[in-house]
Amino acid sequence: QVQFVESGGGLVQPGGSLRLSCAASGSIFSNYVMAWYRQAPEKQRELVASIYSGGGSTYADSVKGRFTISRDNAKNTVNLQMNSLKPEDTAVYYCNTCPRPFFSWGQGTQVTVSS
C-alpha cells in the first residue's frame, strides 16, 4: 500500500505562484504514472496533470502553460509548480496514480486564490 502526504498549499493572490509537494511511501513509486488531481467545492475531482516515470507529462487544458509537474523517483516525491494562478484554481489538491487512482487519497492541500 502506498500513502500520500500533500503539502505546500495556501492563500495566494491572482497571478501568484505556489509549489505543491507530494511525498509517497513505498518502494514501488517509480512503477507508477503519478498525477495531481483537484476538487473544488461542489465539483467532482478532476485530473490536473500527470507524469510518467521517465518524465513525460500531460496537462489539463485549463492549466497548460501555467502549471509544471515534476517527480523525483529517488525521493518518492511529485511536485506541482503553479504559476499565474486564477481564482478558478481554488481547490483541494491531491496526488495519486494515473489513469486510475489505485491508492487511498491523502488529506490533500488547500489552494485558495483570492484578492
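A few notes on this one:
- Lysines with Cα under 20 Å of LYS43, excluding same-chain neighbours fewer than 8 positions away: LYS86
- Cross-link partners of LYS64 among aspartates and glutamates (Cα-Cα below 19 Å; sequence separation of 8 or more within a chain): GLU46, GLU88, ASP89
- Aspartates and glutamates with Cα under 17 Å of LYS75, excluding same-chain neighbours fewer than 8 positions away: GLU6
- Over the chain, accessible surface divided per residue gives 52 Å², non-protein components excluded, 1.4 Å probe.
The values are calculated or read from the model by the stated rules, or taken from the named source; none is laboratory data. All values derive from a computational prediction rather than experimental measurement. These accessible areas exclude ligands, DNA and RNA; they are computed on the full protein's heavy atoms, side chains included. Shrake-Rupley method; radii C 1.70, N 1.55, O 1.52, S 1.80 Å.
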